[in-house]
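Worksheet: one structure, shown below.
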Amino acid sequence: MRNYGAIGIDFGTESIKAVALEAGTDGSVKVVGTSAALSEGLRKGVIVDIDAAAKSLSHAIEALKKSADIGSGNIYAGIGGVGLSFQKSKGLVAVSRADGEVSKEDLKRAVSASESNLVRAQNREILHSIPISYKIDNETVTHDPIGLSGIKLEAETFFVTVFAQHFKGLLKTFDEAGVSLEDAVSLPMASAQALLSKREKEVGVMVLDIGSSTTSLIIFEENYPYSLEILPIGSGHITNDIAVGFQIPIEEAEKLKVNYGTVEKNSETPATKRTGKNSADDIVYGHYSKKKLTNIIEDRLSDIFELTEKHLKKVGREGLLPGGVVVTGGGSNLPGITEYTREHLKLPARLAEIHNLGGMREKVKNPAWAGAVGVALIALENHTNGGAFAGGTKGTLMRWLRAFLP
C-alpha cells in the first residue's frame, strides 16, 4: 500500500497557511511541506473579496509545491470567522427491525431526524454533524446503542454550521484559484484534532484560539464536543490599541507587540514603582514605555477573557474543566499568556503543542499552525476510515462546486 497525503489550508485574516501531511502504512504521520502567504480579501475570518483571496490562495499553494515534493492527496480547507456556530438537536424515530434491535440504519435515521429539527437553520450550511448521545425508550444509553433493543430511538446531535454566503465565498475562491477542494471543516474542530489528547477530551477541556481578528473556543467533554463560540475580538485589536495608545503606524505597533509585548506579572520595575515615571529599564524599542505597553495589552486581553468566562458560565462549565485550557493561535505567543489564563479563568492552562508528527515538524512548532495541521489530520482520518467528522459536508460541498464550475 502506498503512503497517502493530504493538504490542510487555514484561511486566516492575516495569513493563509498550508500544510501537507503524509500517512505511512505503519500509521505514522509526517509533515512533508508547509507554506504561508499574506491574506488579502478577508475580514474577521470571512472572505469578502474573492479575487484577492484567490490570488493569496494561489501564492500559498505554489509555495507549498516548492517546499517539498507533494504527491497526490485531497485538499481540505478550514472555515472560521464570525459566521460559525453550533447547535444541539434531538431526533426521534421508531426502531425498524421487527425484533426491536437497533441497527446502523436506525442511527442514521435518528441523526437525520435531529437535523430536520434544527432551529435557526435558514441560510446556513452544516459542516459537522456528530451524534453525542442516544436514548432508547426515553432511557439514556451508551454512545453506541447498536444491538440493544427497544421501540423508539432518540439521537442528540452536535451540529456545527456556517453562513451559506460565507461557505459559498470559500468555494468560489478555490474555483477562481483553480484549486480542487475535496471538503471543508471548521477550524475550531481542526485545532482540537491537532492539539488534544483523548484523555483531555474525556475529562473536559477547552481550546482557546486567539486569532488576528477573532477568538474561537471549543469545549470537549466525554470525548465529544460540548460547545463552540466565536468571539469578535483578536490579537489584531491589541495591535490597533497599541497604535492608538502610542500614536504610531500599525506596522510599528505590530513590531512593538511581537518584540516586547508581555502579560507577565510584575512587569513594572522597582524604579518605576518608586518614581511613577518611566525609568531607563522601562524604555523599550527606543522610547516606548514597557509598562504602558503591558497595560494596553492586558486591557484588551481582559475583554477577550471576560467574553470567554461569560460563555463558560452560560454553558455551566465555569471552573469545571479538569483538562483546563489549551491556548493557541497567534495571540498565544505573548509571554505570560498561560499564567494570565490560569489567573482569569481559574483553570489549568498550557500552551498548544502539536505532538506525534514526524518529518518537518519544526515547521509547524508555532501554535499558529494548529488549524492547518488539524485540517490535514481530519483529511487523513476521513480517507482512512470515514473519520469522526465525516458526514454533513461532502454532498453539499460538491453540489456547490458543480454550481460554480463553468
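For the reader, a short list of remarks on this structure follows.
- The fraction of Cα-Cα pairs per 5 angstrom bin, counted from 0 for region 331-377, comes to 4, 19, 26, 19, 15, 12, 5, 1 percent, rounded to whole percents.
- Under a 5 Å amide H cut-off, with hydrogens placed 1.01 Å from N, Leu148 pairs with Val102 among residues at least 5 apart or on other chains.
- Of all beta bridges that DSSP places with both ends in the chain, some 75 percent have antiparallel geometry.
- With respect to the chain, whose longest principal axis is taken over its alpha-carbon atoms, helix 250-260 is tilted by about 90°.
- Rg [Å, one decimal], Dmax [Å, integer] - region 70-184, C-alpha atoms: 17.8, 54
- Listed residues Thr161, Leu148, Ala94: farthest to the positive end of the dipole of region 86-163 (Cβ charges): Thr161
- GNM result for the chain, Cα springs below 10 Å: residue of Ser96, Ser114, Ser197 fluctuating most strongly: Ser96
- Which of Thr214, Ile378, Gly358, positive extreme of dipole for the chain (C-beta unit charges): Thr214
- From its DSSP helices (H runs of at least four residues, each -39,500 (n - 2.57)), the chain gives a residue-normalised ellipticity at 222 nm of -11500 deg cm²/dmol.
- Comparing mean-square fluctuations of Ser89, Ser180, Ser56 from a GNM of the chain with C-alpha springs under 10 Å, the top value falls on Ser180.
- Scaled against the 2.2 N^0.38 Å expected of a compact globular protein of N residues, the Cα radius of gyration of region 124-197 reads 1.56.
- Relative contact order (percent, whole number), region 86-163, Cα cutoff 8 Å, 6+ residue spacing: 45 percent
- Proximal lysines to Lys168, defined as alpha-carbon separation beneath 25 angstrom and excluding residues fewer than eight positions away on the same chain: Lys17, Lys44, Lys55, Lys88, Lys394
- Between 0 and 90 degrees, the angle of helix 50-67 with respect to the longest Cα principal axis of the chain falls at about 90 degrees.
- Under the simplified labelling scheme, the Ala164-Lys30 pair shows an inter-label distance of 4.6 nm, with each label point 7 Å from Cα along Cα→Cβ.
- Whole-number percent relative contact order across the chain, with pairs defined as alpha carbons under 8 Å at least 6 apart: 20 percent
- Taken one residue at a time, the phi angles of region 286-291 give Karplus couplings (6.51, -1.76, 1.60, θ = phi - 60°) of x, 8, 9, 7, 5, 4 Hz. Gly and Pro are set to x.
- Cross-link reach list, aspartates and glutamates versus Lys135, counting only Cα pairs under 14 Å and skipping chain neighbours closer than eight places: Glu101, Asp106, Asp144, Glu154, Glu156
- Annotation: lysines with alpha-carbon distance below 19 angstrom to Lys310 (same-chain offsets under eight excluded): Lys346.
- Cα gyration tensor shape of region 289-381, rounded if a/c is under 1.5, else prolate or oblate by comparing a/b with b/c: oblate
- A simple charge model with +1 on the Cβ of Lys and Arg, -1 on the Cβ of Asp and Glu and nothing else charged puts the dipole of the chain at about 280 debye relative to its Cα centre.
- Unit charges on C-beta of K, R, D, E only; dipole of region 1-110, Debye: 220 debye
- Here the Kirkwood formula puts the hydrodynamic radius of the chain at 22.6 Å, using every distinct Cα pair.
- Taking Arg199, Arg97, Arg361 in turn, the Gaussian network model of the chain (Cα-Cα springs below 10 Å) assigns the largest fluctuation to Arg97.
- The chain: angle of helix 370-385 to the longest principal axis, Cα-based, in degrees nearest 10: 20 degrees
Coordinate-derived values only; no laboratory data. Bear in mind that the values here come from a model prediction, so they are computed numbers and not experimental data. No Cβ is skipped: glycine too gets one built from the backbone with ideal geometry, and neighbour counts run over all protein chains shown.
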